[in-house]
Amino acid sequence: MCGIVGAVRNSEASGFLLEGLRRLEYRGYDSAGVVVINHAGALERTRTIGKVGELEQALQRSPLTGMTGIAHTRWATHGGVTEPNAHPHICNDTLALVCNGIIENHESLREVQRASGLTFTSETDTEVVVHQVYLHLQEGLDLADAVRATMKELQGSFALAVVHAGEPGRLVVGRQGPPLLLGRTDDETFVASDINALLPVTRSYQVLENGDVADLHDTGCLIRNDRGEIVERPLHTSAQSGDAVELGDYRHFMQKEIHEQPRAVADTLEGRLLGDRVLEDSFGAKAKEIFDATRQVQIIACGTSYHAGLVAQHWLEYVGVPCEVEVASEYRYRRHAPREGTLVVTISQSGETADTLAALEEAVRQGAMGTMVICNVPESSLVRESDLAFMTHCGPEVGVASTKTFVSAMTGLLLLALVLSRRHGFDAGFETHVVRQLRTLPGALESALAMEDAIAEMAQAFGDKAHALFLGRGAHFPIAMEGALKLKEISYIHAEAYPAGELKHGPLALVDEKIPVVAVAPNDLLIEKLKSNLEEVRARGGRLYLFADPASGLVESEDVRILHVAPVDSAIAPIIYSVPLQLLSYHVALIKGTDVDKPRNLAKSVTVE
Ligand code: G6P
């Protein structure tokens, strides 16, 4: 989702700006643009729709020269994907601005600005921001003061960066919501939406807080808070590698990340187990104190992370820990009846999802006893804002559709269930048993990956389909939900997931030979129930595509295609059964020829509401 990069350099800025945009590409976007203040003190702008590669080609044809500049990848919210809607937006040929976020009161501001004689060249909410800053400059305010005054008039959640043609060597940025990171070297300053874009120039960075406005010059930067007071923000050092993530021999990052899962899970477990026990320090320094006080768990997340939470609910309740799971966008706007001793657990690959962050804030406001995040990005907002953090240690995930971070988040959640099981008096032998199973996870994931050729062949049946149904029971219902989400996301086939027992309450009416029905069938306590549900589908002419344990007793026939998953203990089965569904959606997407790593309309990191 929208990304911001900016720089005050003592050499040409456009190379850094372009590389920064490339490093923010993974967030998802549909157009890109850059502005520099040229050596004659004028703004030069280039914008393109499509990939950063298009912008790069445009800049090769007509390079922009200037040492101060801002750049942006746009994920359309207000106004279609067009060049005039792409950022930076310019007012009066002198002021240029990029914004990440949403301005809720843009309509009322636009009316006032029109009345002041300003005209608009885009349909975006951002253009009112650059106009508003311009109006404050006209009143005689300094650039940083004009930005602060504007921010106080805006409703919504946003991060912005502004340059003025008359002030080369100066860049003003402000945050009220989505993150903005500042980086410095001895004689240059930089800003970016996340650390990836800063790494080519520096590992040291500061994170602006909400309400902060930073005034960047080549010699340093001055940060003022929302009351106008000069403040210092802590200096962090990133441990992330500055190297761009390589695709290697894989065709897509999603394929690579699916195949990295055995290693990703091994890394997630590394240092977290001792003998047959889970080390609770893995969750942070205050883990003991917070876990001792935990009476129940409230999980909050979005998308794939939400599905990991739904699986964890089964594990937590199994060991006696009451657990609720909710999507963040709903949680944040709901009143909650207080429950004593609630540990709020957010799950987020990026650690920057706007709704999850807002839900965490709301949970704290409503009196959560403690907070914890399961996350893949150590330098992210959710990690900073939570009492405890369990890092998945998967390495960067580039494909928009999450895969390796899903299995690693589930692994972390299973460890959490084990640690909490001790406090709820659950049989200690269970921890021993599950830890032993966890040690087999990387190998079991390898076996699941070995199904790829057979799955690629099965995928042929899906290429011409418009709809699909996914079924599962118990902890495998969320796995079916995740399978349906993956198929939707990357192959654009409409897919719905149902708990298999719920079929006859509606979805059975849809079943005919044109809708493939996919089911996950581990050999667990619910297998006989599931088999009855699958017979209901067959009896209505449905075609079944099953991922099943060899001992499940399911039999292949003309209308039932079965791929066997190597036998796996039920404690870790949901983690394993997610893999064939990932591979199925990947191979269907290949057949359909979609943009697997950057599916249309979607973003990796959803930093707006
Ligand atoms: C987007 C991504 C999904 C991801 C979701 C939540 O929708 O496309 O893959 O599951 O955001 O993201 P998070 O970073 O919070 O896990």
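For residue 262, indicate whether it is open to solvent by 20 Å² or more (accessible area, probe 1.4 Å), away from the ligand (no atom under 15 Å from the Cβ) and more than 16 Å from the chain's Cα centre (by Cα).
no
Can you tell me which of 249, 215 is of a type in the set (D, E, K, R) and at pLDDT 95 or above?
One residue alone meets the criteria, 215.
I need the strands (runs of 3 or more DSSP E) fully contained in segment 502-609, keeping only those with at least 1 residues that are among the β-branched types (Val, Ile, Thr).
The strands (runs of 3 or more DSSP E) meeting that bar are 516-521, 560-564.
Looking only at segment 443-464, count how many residues are over 27 Å from residue 559 (Cβ atoms), hydrophobic (A, V, I, L, M, F, W, C) and open to solvent by 20 Å² or more (accessible area, probe 1.4 Å).
1
If I ask for residues that are within 14 Å of the ligand (Cβ to nearest atom) and open to solvent by 30 Å² or more (accessible area, probe 1.4 Å), which ones from segment 470-488 would you list?
481, 485, 488 - these are the residues of segment 470-488 that are within 14 Å of the ligand (Cβ to nearest atom) and open to solvent by 30 Å² or more (accessible area, probe 1.4 Å).
Scan segment 203-222 residue by residue and report those that are free of Cβ contacts under 8 Å to residues at least 40 places away in the same chain, more than 24 Å from the chain's Cα centre (by Cα) and surrounded by 17 or more Cβ atoms within 10 Å (Cβ to Cβ).
If the condition is that a residue be free of Cβ contacts under 8 Å to residues at least 40 places away in the same chain, more than 24 Å from the chain's Cα centre (by Cα) and surrounded by 17 or more Cβ atoms within 10 Å (Cβ to Cβ), then 212, 221 are the ones that fit.
For segment 187-246, which fully contained strands (runs of 3 or more DSSP E) count at least 1 residues that are in contact with a Phe, Trp or Tyr (Cβ under 6 Å, 6 or more places away or on another chain)?
The strands (runs of 3 or more DSSP E) meeting that bar are 235-237.
So for segment 590-597 (the condition being under 22 Å from residue 308 (Cα atoms) and either within 16 Å of the ligand (Cβ to nearest atom) or touching an Asp or Glu at 6+ places or on another chain (Cβ under 9 Å) (or both)), does at least one residue qualify?
Yes, segment 590-597 contains at least one residue that is under 22 Å from residue 308 (Cα atoms) and either within 16 Å of the ligand (Cβ to nearest atom) or touching an Asp or Glu at 6+ places or on another chain (Cβ under 9 Å) (or both).
Only one of 345, 419, 327 is modelled with pLDDT of 95 or more, open to solvent by less than 10 Å² (accessible area, probe 1.4 Å) and within 17 Å of the chain's Cα centre (by Cα); which?
Result of the check over 345, 419, 327: 345.
State whether the residues of segment 21-43 include one that is free of Cβ contacts under 8 Å to residues at least 60 places away in the same chain, assigned to a helix (DSSP H, G or I) and open to solvent by less than 10 Å² (accessible area, probe 1.4 Å).
no
The values are calculated or read from the model by the stated rules, or taken from the named source; none is laboratory data. The model shown is predicted, which means the values in this text are computed figures rather than measured ones. Here the Cβ is made from the backbone with ideal geometry for all residues, glycine too, and neighbour counts use every protein chain on show. Protein only, heavy atoms only, side chains kept; ligands, DNA and RNA dropped before computing areas. Shrake-Rupley method; radii C 1.70, N 1.55, O 1.52, S 1.80 Å.
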